[in-house]
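Asker: Supplied in structure tokens, the structure appears directly below.
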Amino acid sequence: MTGHPGGRVAPGEAGRVSRPSAPASELAASRYASPTAALLDDRKGRVTLVGAGPGDAGLLTIRGLRALEAADVIVADRLGARGVLDGLAAEGVQLRAEVVDVGKLPGHHAVPQDAINELLVTLALDGRQVVRLKGGDPFIFGRGGEELAYCCDRGIDVEVVPGITSAISVPAIAGIPLTHRGLATTFTVVTGHDQIQSLGGGRDHTVVLLMGIGTLANSAITLARGERGGDCPVAIIEDGYGPRQRVTVGTLDTIALQAARRGIRSPAVVVVGDVVTLSPYAPHPLVELVETSGPDLVSTSSTSGTSSSTTGHRKATTR
């Protein structure tokens, strides 16, 4: 990154990250300061971290697409990233790059993160233009910061292309805004692996749980003990933008049992808070319950009981 007074970035350098060269003594001690690495330095490649979004090729940014088109190698997660590559191919977009599938799925990492970090550096030192294609946004529970630091520490130039995080995009396809005047003014994104006992706020503080299906029962019990209460609305959007997309709406008291009965699986995004009632999938009794709890609440069209409805371009059912 080109330095300027006040911490500004030179035009054309936005998104590019590098670190000052290490002293010669440190380079000599580094295992990358080998004769081979020195010869490769003049033709050293670079790494671009690209957010693939929730898995729909239509939600990939133009800048991300340009990076994929210019890549020699694409190191791709399976969740989100694979769907984008398949979607581009279906639309006739031909990419010349070799694709390396590192197979990351919820709870299962076929290739350890340390090995992925090392692979990125090795490919770049070999003079390759490398795209690390990550589901969602690289910096939202994507370990993109770790990959950035690892590459920069070894002298590799890195560019970051943000993606649309599933924490926002997946609720949106179910008609759920995370903030809404009169219902919610703030939201928090956490993973199901986090300890959420200290997560405060009431039902006007929207909570988004990523990777939360395995710990859903415990999370629901924990959140229900606070100001939200057991009748706080909850929605689960399963396989957002994918072929198995379903929306399930309930409350903190009921959602774990509903999820078990419906056989809900990852990937899924869980939304907790009164904004859930804005979804057309929200059962009418749940909407009425929230409407009667305060004068400023905004109603929405809804479905009742067990039904099916359509939001955006996908079909889902709620129970």
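Per-residue answers, yes or no, for (1) closer than 27 Å to residue 84 by Cα; (2) assigned to a loop (DSSP other than H, G, I, E, B); (3) aromatic (Phe, Trp, Tyr):
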{"site": "202", "(1), (2), (3)": "no, yes, no"}
{"site": "244", "(1), (2), (3)": "yes, yes, no"}
{"site": "248", "(1), (2), (3)": "yes, no, no"}
{"site": "257", "(1), (2), (3)": "no, no, no"}
{"site": "287", "(1), (2), (3)": "no, no, no"}
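Asker: Could you tell me which numbered condition residue 287 fails, if it satisfies all but one of (1) over 21 Å from residue 165 (Cβ atoms); (2) surrounded by fewer than 19 Cβ atoms within 10 Å (Cβ to Cβ); (3) modelled with pLDDT under 95; (4) not small (Gly, Ala, Ser)?
Answerer: Answer for residue 287: the failing condition is (2).
Asker: Please return the ranges of strands (runs of 3 or more DSSP E) entirely within region 55-158 where 2 or more residues are closer than 29 Å to residue 173 by Cβ and open to solvent by 20 Å² or more (accessible area, probe 1.4 Å). Show your work before the answer.
Answerer: Numbers: elements: 73-76, 98-101, 129-134.
Once the strands (runs of 3 or more DSSP E) in region 55-158 are filtered for at least 2 residues that are closer than 29 Å to residue 173 by Cβ and open to solvent by 20 Å² or more (accessible area, probe 1.4 Å), what remains is 98-101.
Asker: Looking at the structure I just gave you, is residue 209 modelled with pLDDT of 95 or more and aliphatic (A, V, I, L, M)?
Answerer: yes
Asker: Collect the residues in region 221-242 that are in contact with a Leu (Cβ under 9 Å, 6 or more places away or on another chain), open to solvent by 40 Å² or more (accessible area, probe 1.4 Å) and not in a helix (DSSP H, G or I), keeping them in residue-number order.
Answerer: Scanning region 221-242 gives 226, 231.
The values are calculated or read from the model by the stated rules, or taken from the named source; none is laboratory data. Everything numeric in this text was worked out from a predicted model, so none of it was measured. Virtual Cβ from ideal backbone geometry, glycine too; neighbours counted across all protein chains shown. These accessible areas exclude ligands, DNA and RNA; they are computed on the full protein's heavy atoms, side chains included. Shrake-Rupley method; radii C 1.70, N 1.55, O 1.52, S 1.80 Å.
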